[in-house]
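These notes concern the structure reproduced below.
All of the numbers you see were taken from the coordinates with simple rules; none came from a lab. Treat the numbers as computed from the prediction; the structure is a model and nothing was measured. All Cβ positions, even for glycine, are placed from backbone atoms using ideal geometry, and neighbour counts span all protein chains on display.
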Amino acid sequence: MRILSITTSLSEDSTTLKLSNKIIAAATSAAEAAGLSAEADHVNVRNLSSDLTDMALTGFRSENLEAAFAQVAEADVIVTVAPVYKVAPVGLHTLFWQLIDEKALANKPVLIGSTGGTPRHSLAGENVLRPMLSYLKGIVVPTTVFAATDDWGSIEGGRSLNARITQASEELIGLAASLNGVDAGSSAGPADEDADADSASTTTGEFGRRGARRNPSIDNEFNPDLITPFAQLLEG
Amino acid sequence: MELGIFTIGDVTTDPTNGTTVSENQRIKNTVEIAKKAEEVGLDVFATGQHHNPPFVAPANPPVLLANIAAQTKRLHLSTATTLITTTDPVRIAEDYAYAQHLSEGRISLVMGRGNTGPVYPWFGKDIRSGIPLAVENYNLLYRLWREKNIDWEGKFRTPLNGFTVTPTPLDDVPPFVWHGSIRSPEIAEQAAYYGDGYFHNNIFWPVSHTARMVQLYRQRYEYYGHGAAHQAIVGLGGQVFMRKNSQDAVKEFRPYFDNAPVYGHGPSLEDFSTQTPLTVGSPQQVIERTLSFRDWAGDYQRQLFLIDHAGLPQKTVLEQLDILGEEVVPVLRKEFAKDRPADVPDAPTHESLVIRHREGRDPIPGGGPGSRAYADRQAKAAEKNDTQGADR
């Protein structure tokens, strides 16, 4: 299973990057607990900032951007994490999702993570990103993960953040497994902070067996064997 | 191989001195550029079609092309592009056929949809119907140029009853048509279906993408039985600025690039040069870059350069034409001819199209007997009959 994080980490070693790494780790272990092998990859939108503004202005996609969009197309699940600025995920992050191809997330489970200074920003991901990702045909899991300053500095905050991460990751992996016809046991069940062998499925079904059902990559649009025949266009 | 230039007719303030030429001057400059193109030995001049400032490319290109035809002898005159979405196909059929007669067959067209949203409603159209408009309008145009007393009914214009275009095309052979599109596979498919040419403006996007569009067109051209994939008719654009020393070229062109319409204030000149076919440098660099197009596009038929935009002074543009004519085009001609398989056709001309027509070799839209498309249709029809038989 390919897990991809699309994260906008504006500074080196940001809390956004830390949150992203924690979610990836939790998703990877949830996958392994469900008997699925997982490989995780990471795109930092910061590194695409000029490419994104160039594309917004000129319409052309740089090779870096093409590569990132292709990674999204090839991923099985997406984790998207960004800092919240003025009650919305930072514009650079939304720009990435605004410029990607229509239906780029078809059939892909998506997990929304956000960071911010205070819990008052906690619904920013819900309000702004959830509809955007749904528009792209992503299947956004019910639990979103928001991490405020408190969550990093206190024992209680840290525990509850970890619980949210575990919950959301299990939802993500459980959904991915069922979409692909793999029995992931009870891993999509309610949060269980002690989740371990007990709740892990023993199924070792190969993930992506029904790969044909995964969303077609954008390359298919240009595949001579899959193109809509012109006679059909002529009929209207 | 046809080598030439194409213009979008923008009236842009020269960023180095703040002057803006009048529309009148820009229009006359455009005619001068076209005449100069013939004088320095280029094959093609192509103009865009525009309905909005800051452009004075003609709203009806045959007006400009006929004027240039009257002042030139052998230059091929083309569009890049004719707006097939918002222009009545009946008027396209009539006006371009008229210009074709006046120019003794030197006219060709590149069809485009137009990406300026506001233009569509001015003509009672909707940009969301861009592809269906291109499909229906071209199909009507195709018939208008080949049939008499047409009865026709469609979604986007009033019906026609017993309509015949006047004048009919010169020698009963319509002007050659290319279909241009930056990223819509439907248009590459359209070009292949009819056995027409496919043109990619090759200015804004990485060659990896352009190559994908060209390959799609080539393979579908073969599928429809108009020839092998490597024989499909491909045209490419490109954008160049040249000085003897490449550093001088970069220094002189940078302010124009940075403030250009469309991509100005966006990517850097360096990034744009790496990621797209833009070449700013010495004539030798332009030669090498242009020859490299063949590596990903295959042997192709038409290469057009954009050289006159972004507020460049007329004097500079004419100098660019001199460099193209003296140093670039002769080398490109020679090099493109090298290792070119004998069965790769040249760019179609009126003369070659007349011969093709008289020999009964006109492409059959959708593919005639012997093509894979034809075989697929037969197989599908047979399958349908079988199913119907079983039902009974």
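Restricting things to Cα coordinates, could you compute the convex hull volume per residue of region B:1-53 in Å³? Present the calculation step by step, with values, prior to reporting the outcome.
Working: hull volume 5.1 nm³, N = 53.
Expressed per residue, the convex hull around the Cα atoms of region B:1-53 is 97 Å³.
What does the charge add up to near B:His226, with Lys and Arg as +1, Asp and Glu as -1, over the other residues with Cβ less than 12 Å from its Cβ?
+2
Take each of the peptides B:350-357, B:36-43, average the number of other beta-carbon atoms within 10 Å over its residues, and list them starting from the highest.
Going from most to least packed, we get B:36-43, B:350-357.
If each Cα of region B:333-392 is one equal point scatterer, what is log10 of I(q)/I(0) from the Debye formula at q = 0.16, 0.21, 0.22, 0.23 Å⁻¹?
With one equal scatterer per Cα and no solvent, log10 I(q)/I(0) is -0.75, -0.94, -0.97, -0.99.
If you look for lysine pairs in chain B that are eight or more places apart or on different chains, how many of them have Cα atoms under 14 Å apart?
Lysine pairs meeting both conditions in chain B amount to 6.
Which of B:Phe257, B:Ile182, B:Ser352 sits farthest toward the positive end of the charge dipole of chain B, with +1 on the Cβ of Lys and Arg and -1 on the Cβ of Asp and Glu?
Toward the positive end, the furthest listed residue is B:Ile182.
Taking only the alpha-carbon atoms of region A:55-99, what semi-axes of the equivalent ellipsoid follow from 5 times the gyration tensor eigenvalues under a square root, in whole Å, largest first? Provide the component values of the computation, followed by the final result.
Working: eigenvalues 83, 56, 8 Å².
For region A:55-99, the ellipsoid semi-axes come out as 20, 17, 6 Å.
Could you give log10 I(q)/I(0) at q = 0.10, 0.13, 0.15, 0.17 Å⁻¹ for region B:142-277, computed by the Debye formula over C-alpha point scatterers of equal weight, without solvent?
So the normalised log intensities work out to -0.53, -0.77, -0.88, -0.97.
Per-residue mean of other chain beta-carbon atoms within 10 angstrom of the beta-carbon, peptide B:126-138? Walk me through the numbers on the way to the answer.
Numbers: counts 0, 0, 0, 0, 0, 1, 3, 0, 1, 5, 3, 0, 1.
Partner Cβ neighbours, averaged per residue: 1.
Between the alpha-carbon centers of region B:42-56 and region B:271-341, tell me the distance in whole angstrom.
Each part's Cα centre sits 19 Å from the other's.
Ratio of region A:55-161's C-alpha Rg to 2.2 N^0.38 Å, to two decimals?
Compactness ratio reported: 1.15.
Per-residue Cβ counts within 10 Å, from other chains only, averaged over A:61-71: what number is that?
Taking all residues of A:61-71 together, the mean is 3.
For the peptides B:197-207, B:305-315, A:85-95, what is the packing order when you average, over each peptide's residues, the other Cβ atoms within 10 Å and list the highest mean first?
Working: B:197-207: 24.6, B:305-315: 20.5, A:85-95: 17.6.
Ranking the peptides B:197-207, B:305-315, A:85-95 by packing returns B:197-207, B:305-315, A:85-95.
Kindly express, to the nearest 10 degrees and within the range 0 to 90, the angle between helix B:283-297's C-alpha long axis and the longest C-alpha principal axis of chain B.
20 degrees
Size of the dipole of region B:17-161 about the Cα centre, Lys and Arg at +1 and Asp and Glu at -1 on the beta carbon, nothing else charged, in debye to 20?
Result for region B:17-161 is approximately 120 debye, rounded to the nearest 20.
Normalised by the empirical 2.2 N^0.38 Å for globular proteins, what value does the Cα Rg of region B:21-167 take?
Dividing the Cα radius of gyration by 2.2 N^0.38 Å gives 1.09.
How big is region B:160-239 in terms of Cα radius of gyration and Dmax, in angstroms?
Using the Cα atoms of region B:160-239, the pair Rg, Dmax is 14.8, 47 Å.
Less than 13 Å from a label point 7 Å out along the Cα-to-Cβ axis of A:Ser154: which backbone N atoms in region A:75-91 qualify, by residue?
Within reach of a label on A:Ser154: no residues.
Which value results for Rg/Rh of region B:236-339 when Rg is the Cα radius of gyration and Rh the Kirkwood radius based on the inverse mean 1/r?
Rg divided by Rh gives 0.96.
In debye to the nearest 20, how big a dipole does region B:98-188 give about its Cα centre with +1 on each Lys and Arg Cβ and -1 on each Asp and Glu Cβ?
Using only the charged Cβ atoms, the result is roughly 320 debye.
What does DSSP give for the protein assembly as shown in terms of the percent of beta bridges that are antiparallel, rounded to the nearest 5?
On the way: 5 of 60 bridges.
Restricted to the protein assembly as shown, the bridges split so that about 10 percent are antiparallel.
If each of B:Lys73 and A:Ser50 carries a label point 7 Å out from its Cα toward its Cβ, how far apart are those two points in nm?
For the pair B:Lys73/A:Ser50, the computed spacing is 5.0 nm.
Any idea which of B:Pro89, B:Asn201, A:Ser29 is furthest toward the positive side of the dipole for the protein assembly as shown, if Lys and Arg beta-carbons carry +1 and Asp and Glu beta-carbons -1?
B:Pro89
So, R0 is 25 Å and r is the distance between the beta-carbons of B:Gln25 and B:Val262; what FRET efficiency does that work out to, to 0.05?
FRET efficiency, B:Gln25 to B:Val262: 0.70.
Stick to Cα atoms and the Kirkwood definition of Rh, then tell me Rg/Rh for chain B.
Checking Rg against Rh, the ratio lands at 0.98.
Label-point separation (nm) for B:Val331 and B:Arg146, each offset 7 Å from Cα along Cα-to-Cβ?
Using points 7 Å along Cα→Cβ, the separation is 4.2 nm.
Divide by every residue of chain B the summed helix terms, -39500 (n - 2.57) for each DSSP H run of at least 4, and state the resulting mean residue ellipticity at 222 nm, rounded to the nearest 500 deg cm²/dmol.
For chain B, the value works out to -13500 deg cm²/dmol.
Take every Cα-Cα distance within the protein assembly as shown, group them into 20 Å bins from 0 onward, and report for each bin the whole-number percent of pairs it holds.
17, 43, 30, 10, 0
Considering chain B as a Gaussian network with a 10 Å cut-off on Cα pairs, which listed residue, B:Thr79, B:Thr47, B:Thr19, attains the greatest mean-square fluctuation?
B:Thr19
Please compute the average number of Cβ atoms from other chains found within 10 Å of each residue's Cβ in peptide B:204-214.
3
Going by alpha carbons, how many degrees (0 to 90, nearest 10) lie between the helix axis of B:130-144 and the longest principal axis of chain B?
70 degrees
If you line up the long axis of helix B:61-71 against the longest principal axis of chain B, both from Cα atoms, how many degrees apart are they, to the nearest 10?
That helix lies at roughly 60 degrees to the long axis.
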